[in-house]
Amino acid sequence: FPYTTLFRSLEIARQFPNVKIHSTNFNGFGPLHNFATSLAANDWILSVDSDEVLTADLIDEIEKLSLDPTCVYSIQRDNYFNQKLIRFCSWYPDRVVRLYHRGHTKFSDEAVHEQVVATGMRVLPLKNPLKHTPYRSTSDFLDKMQKYSTLFAEQNRGKKSSSFGSALLHGSAAFTKNYFLKGGIFGGKEGFIISVYNGQTAYYKYLKLAELNKKI
């Protein structure tokens with residue numbers, strides 16, 4: 001997956017003798033999270049992606065928690081682009097559940113847009129954020145668009161209808177929503193780039209889905 005390898009995660013991890021590296025075939029982000037969870041030495045899981053960094057305040061907050069296995073804990077994810085905190089295009093607020101007890105819950109099995117299953121559990125919000133830098137270059141946008149649009153199409157093949165017209169409609173709607181309704185217009189260059197990216201991703205998701213549906 002070129003999007004994540006760009007961040008040299010494995011290269012960096014190999015520099016630490018106390019880090020164990022496991023590999024498996026990629027069968028979707030949800031199943032991959034759960035595979036990684038099964039390898040953990042302890043039951044409490046703090047899930048952090050390679051493009052995310054815990055702030056010192058968040059680490060301190062977590063260390064002081066009296067953890068409850070019947071609860072999951074959500075964290076505010078601050079998203080950065082061009083070294084700027086993005087507060088538009090649905091990038092803020094962005095609260096995600098990342099701390100949980102694996103004996104009580106797990107990640108959903110979706111190939112993309114996976115999340116920790118919180119049904120029937122209390123969701124407790126933590127105060128301090130983690131920092132997320134999902135894109136550092138134009139290539140990152142293109143790599144992620146290609147990967148995520150393919151995963152979406154495969155996940156929804158035969159479940160959702162689509163067509164060229166539907167792809168155009170979804171793409172146009174996504175750009176309009178992000179640029180005008182979600183404040184991208186006030187975000188300068190970054191707001192426009194993110195809105196265009198979101199629109200193009202929606203367009204290719206449904207265009208690929210239409211292609212796959214024709215093969216059924």
Return an integer: the convex hull volume of the alpha-carbon atoms of the range 169-209, in Å³ per residue.
40 Å³
Note to self: C-alpha centroids of the range 116-166 and the range 18-70 sit apart, in Å, by 18 Å
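DSSP loop trypsin sites (Lys or Arg not before Pro) in the range 1-82 with at most 16 other Cβ atoms within 10 Å of their Cβ, which ones?
Values: sites: ARG8, ARG14, LYS20, LYS64, ARG77; in loops: ARG8, ARG14, LYS20, LYS64.
Counting only loop positions with at most 16 other Cβ atoms within 10 Å, the trypsin sites (Lys or Arg not before Pro) in the range 1-82 are ARG8, ARG14, LYS20, LYS64.
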Projected onto their principal axes, the Cα atoms of the chain stretch, largest extent first, over whole-Å spans of 51, 43, 40
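What dipole magnitude, in Debye to the nearest 20, does the chain give about its Cα centre under +1 on Lys/Arg Cβ and -1 on Asp/Glu Cβ? Mind dumping the intermediate values first?
Details: 27 positive and 20 negative charges, 135 e Å.
Using only the charged Cβ atoms, the result is roughly 640 debye.
State the percentage of accessible surface on the range 73-211 attributable to carbon and sulfur atoms; use a 1.4 Å probe and exclude ligands, DNA and RNA. Let's see the in-between values first.
Values: 3950 of 7430 Å².
Taking all protein chains in place, the range 73-211 shows 53 percent carbon and sulfur surface.
Taking 8 Å as the Cα distance limit and 6 or more residues as the minimum spacing, I'd like the relative contact order of the chain as a percentage.
Numbers: 327 pairs, mean separation 48.0, N = 216.
Relative contact order for the chain comes out at 22 percent.
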Taking the solvent-accessible surface of protein heavy atoms with a 1.4 Å probe, what is the per residue accessible area of the chain in Å²?
59 Å²
Under 10 Å, Cα contacts only: if you run a Gaussian network model on the chain, which one of LEU65, LEU168, LEU32 comes out with the highest mean-square fluctuation?
LEU65
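For the range 66-108, what is Rg from Cα atoms divided by 2.2 N^0.38 Å, rounded to two decimals?
Values: Rg = 13.8 Å, N = 43, 2.2 N^0.38 = 9.2 Å.
Dividing the Cα Rg of the range 66-108 by 2.2 N^0.38 Å gives 1.51.
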Computed over the Cα atoms of the range 47-148, the Rg and Dmax in Å are 14.8, 42
Solvent-free Debye scattering, log10 I(q)/I(0), computed from the Cα coordinates of the range 37-79 at q = 0.25, 0.27 Å⁻¹:
-1.20, -1.29
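The values are calculated or read from the model by the stated rules, or taken from the named source; none is laboratory data. It should be emphasised that the depicted structure is a prediction, and the values quoted were computed from it without experimental measurement. Cβ sites come from the backbone with ideal geometry, for glycine too, and all protein chains shown count toward neighbours. Areas reflect the complete protein model, heavy atoms only, side chains present, ligands, DNA and RNA absent. Shrake-Rupley method; radii C 1.70, N 1.55, O 1.52, S 1.80 Å.
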